[in-house]
Structures are given as C-alpha cells and as structure tokens.
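Data first, discussion second: the structure below is written as structure tokens.
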Amino acid sequence: MFGKRSGNDSDTRAPKPAFQAPEPVSGAAAVSREVAAPTVASPPIAPSKPPPPAPAVESRRSDNYYQVKATIFGALIEAIDLAQLAKLDGESAREEIRDIVNEIIAIKNIVMSIAEQEELLDDICNDVLGYGPLEPLLSRDDISDIMVNGAGTVFIEVAGRIQRTGIRFRDNQQLLNICQRIVSQVGRRVDESSPICDARLADGSRVNVIVPPNAGPKGKRSLLVFLHGRGGYEGTFNDAVFRGLPSLGGHRGALVAFPAGGVHGYWHNRADGDWEDWVMDEVIPLVERRFGIDPQKLAIGGISMGGFGAYDIALKNPGRFCAVGGHSPALWFDGSETAPGAFDSAADFDRNDVVGTVQADPEAFGDAKVWNDYGQTDDFLPYDEGFVEAMEAGDADFTTHSWPGGHEGSYWTPTGPPTSASTSTP
C-alpha cells in the first residue's frame, strides 16, 4: 500500500465460511490495512451541477505491448552505462534513455505509432529512474491509496471507492525492486529474510509491503492451516504468523491458509455449519490444487477456539496431519462448563470432547507431532493441564509449555502464533 491517509481498522465480517489463501510465493504483495472512516451525507434538496468526471483509470494494455517493452528494456540495459547515468540529473538522464530507446526501436525495425512510442518511452524512463508503473498513479492528487497484489493486480482508491486499474508490472521481480527502491528512502529493506515492512516516508506517505516466502517447487511445499479464535476472523494474528516464518530455518517455505470460522463456530460440524468438513473438503483441497502441497507436510494449529478446532479436526482425521498445535486451546471436561454458543447440546460436546478422547487414548493423534502451550493465569488452565496429563500418559510425540500470561492478546502476540506455527509446521 502506498497511501497518504490514516484511519482505524474496522471489520463487519459475517460468519460465512471464507478463507484467505496465500499468494504465489514468487511475488511481492503490497497490502493496505487502513480503512477510511465512514461518512454520511444528506441528499441535496435540488439537483446541482454534475461533479467533474473522475480521471480515467489506465486501460489494460495488450500482451504484445509488454513483450515489445521487455525486448526494448533488455536491449537498453545492455547498451546503457548505469554508472554514468546515475551521475546525471533527472532530466538529462531521461533524455539519454529516450535517445537510446529511439535508436533501439529503429535498429529492431519495431513499428509503433508516435503516441505508442511516447507512451513506451515514458514507461521505460519510469522503470529506470522512478517507481515504474506506479509513477502515473503517484502523480495524481485524487488517489488516496494504491494497493498492489502481485505483478498483475493494482487497485486504487479514489473518493472512497476502490477501482482496479489496467496497470501491471513486468514481473514479480520488478515489483520487488520497486518496493525496495521505495523503502530504501527511509533506510529500510524488504526481502525474503525481512518480508514485512511498514514505514512512513518523509512526505508522510505510509508504505506497507509483505513479501511471500519462497515455498520451493510445486508439489514439495508444506502447508499450515491456522485457525483463529472466538470473535476473530481470517486476518487475526496473520502478521505474527508471517513474522515467525523466517525463523523456521528449513521450513521457511511453508504456506499458510487462514480460514474464517465464524464468531463462535468452534470448527466442528454443527447446526450453523459443517465447519470441519469445510476445512477438510474445501479449504485444504483448494490450496493443494492451487499450490501443490506435499501431503506428508500438512499441519494444523490455532489459537483458543482455533486451538480446540485444530485438536478436534486432527483427532477426527487420523493420519492426515503431520503436526497439530494448540495455542491456549479452549478445552473443557464437561459440556456444562463450556462457553455459550460453543456447542449445540451436551450430545454435540460429547461428539467433540477433545480432553475425553485423549484421556481414553493418549495416542489418539497417531504419529502427528502435538504442540500445546498456555498462560500460567489462563482461564482454561485446569483443562489444559488435564489435556497435558492425559497426553503425557502415552508415548505420543508431545511438547508442552506454560508461560506467564493469561488468555489474552498480550500473551498470544509475543509468544504465540510464531511458536505454534513453527512447531506445527512440518
């Protein structure tokens, strides 16, 4: 996101199953997190003169245009002395580039109209000296946000309305180079080892960049399904999870899917939705088809309600997950103790009794590695301790920790999702 405004996050998501799948790992994604405060206006008493038309959004160019541009750009890089170009002022550098590009067009006998040639010259000058395809957008005062999601998808916000543009980058590497050029103004960098940058530029503009990790060849990637807690949504704690990915060493390429489980769906099949079936039969297969996942490297984890859901889903699908993690999992011994709305009935609880299941069979998770952690003042402390006691009675590959803190964000953010994700990731 390249923007100039500030505001407060808001969310009015309905508990309809939806999920945020990871973007292709080879690209750089710039994401807006700020939302303008809503405004209410009374209708005019009488018609007034029509508002001035909004500037046209750049039309989508043909693939042939980008092929020609790539050919000329490659020849330009071979012909130009970048070290000498850097010594020139902006206008002189543009003239030098224009002269060389015109020669290349003539030598290669490329047929273009004068208008097309001028457009191409501007584009190439912007690529070499400025912010590439973003330059025309940055020059417009009516644009409050620019949102880029990969090389081929650019949105803008004008007067509170989101519009998709026809602008695209040459490839994801060009997008990453432009992002690096922007954040370097304030002494920051963004790359695979430092994949998140949220910075304020000297002119007050805010820049937020997320670079997806390199997940390795298709078919060899690992996947972590991360389930949010009660009252959360698919965006809860995403940043904390992504910040933890670079610390995974050999597992840095893990993809992460964040399903949305409703306000209090508790991730099991029930009257308001078959949440478990949705995760197993729709979310995971969709990510597998799109990205190519190694079936032996599938893990599931979550926070609070999501921790319960991860355990419950793994117990009902033995052999499906190589690892399962519960971070402050919401567990109970009896249906009468549960949170309002967590289960439809006592029978519903009995069908999804995580603690009771491992008490009856401490090795019910099979060969999966199991992680558990909870705060020392967590409201679920007695139940988590009961779960730990049951698990330790068997020979399962089980790891547990109890750290200072309660069932709250101040505990989850510094210690949580990265720890849970790293342990749950194959």
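Okay, here's what the table says:
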{"item": "Selection within segment 357-397 - hydrophobic (A, V, I, L, M, F, W, C), within 18 Å of Thr338 (Cα to Cα) and surrounded by fewer than 18 Cβ atoms within 10 Å (Cβ to Cβ)", "result": "Leu381"}
{"item": "Selection count where residues are at pLDDT 90 or above and part of a loop (DSSP other than H, G, I, E, B), scope segment 387-417", "result": "9"}
{"item": "Test result for Pro329, touching a Gly at 6+ places or on another chain (Cβ under 9 Å) and over 22 Å from Asp274 (Cβ atoms)", "result": "no"}
{"item": "Filtered residues of segment 247-296 (kept if among the aliphatic types (A, V, I, L, M), buried (at least 19 other Cβ atoms within 10 Å of the Cβ) and at pLDDT 90 or above)", "result": "Val279, Val283, Ile284"}
{"item": "Conditions (1) touching a strand residue (DSSP E or B) at 6+ places or on another chain (Cβ under 9 Å); (2) charged (D, E, K, R); (3) in a helix (DSSP H, G or I); number of the one not met by Glu157", "result": "(3)"}
{"item": "Filter result for the condition that a residue is modelled with pLDDT under 90, of a type in the set (Lys, Arg), open to solvent by 10 Å² or more (accessible area, probe 1.4 Å) and closer than 18 Å to Val207 by Cβ, over Arg181, Arg98", "result": "Arg181"}
{"item": "Scan of segment 315-344 for residues that are of a type outside the set (D, E, K, R), farther than 18 Å from Val263 by Cα and open to solvent by 10 Å² or more (accessible area, probe 1.4 Å), ordered by number", "result": "Leu315, Asn317, Pro318, Gly319, Phe321, Cys322, Trp332, Phe333, Gly335, Ser336"}
{"item": "Flag for Asn149 being polar (S, T, N, Q) and either at pLDDT 85 or above or touching a Ser or Thr at 6+ places or on another chain (Cβ under 6 Å) (or both)", "result": "no"}
{"item": "Residue check for Leu224: at pLDDT 85 or above, open to solvent by less than 10 Å² (accessible area, probe 1.4 Å) and either assigned to a loop (DSSP other than H, G, I, E, B) or touching a Gly at 6+ places or on another chain (Cβ under 8 Å) (or both)", "result": "yes"}
{"item": "Segment 62-95, subset part of a helix (DSSP H, G or I) and among the hydroxyl-bearing types (Ser, Thr, Tyr), residue surrounded by the fewest Cβ atoms within 10 Å (Cβ to Cβ)", "result": "Ser92"}
{"item": "So Asp277, is it part of a helix (DSSP H, G or I) and more than 18 Å from Gly341 (Cβ to Cβ)", "result": "yes"}
{"item": "Flag if Leu175 is surrounded by 15 or more Cβ atoms within 10 Å (Cβ to Cβ), of a type in the set (A, V, I, L, M) and more than 21 Å from Asp63 (Cβ to Cβ)", "result": "no"}
{"item": "Per-region count, segment 138-156, residues free of Cβ contacts under 8 Å to residues at least 40 places away in the same chain and either surrounded by 16 or more Cβ atoms within 10 Å (Cβ to Cβ) or under 17 Å from the mean Cα position of the chain (by Cα) (or both)", "result": "5"}
{"item": "Residue check, Pro285 free of Cβ contacts under 8 Å to residues at least 12 places away in the same chain and either of a type in the set (Ser, Thr, Tyr) or closer than 23 Å to Ser222 by Cβ (or both)", "result": "yes"}
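The values are calculated or read from the model by the stated rules, or taken from the named source; none is laboratory data. Predicted model only: the values in this text are computed from it and were never measured. Ideal geometry is used to build each Cβ from the backbone, glycine not excepted, and the neighbour counts take in all protein chains shown. When the accessible area is computed, the model is the full protein with side chains, heavy atoms only, and any ligands, DNA or RNA have been set aside. Shrake-Rupley method; radii C 1.70, N 1.55, O 1.52, S 1.80 Å.
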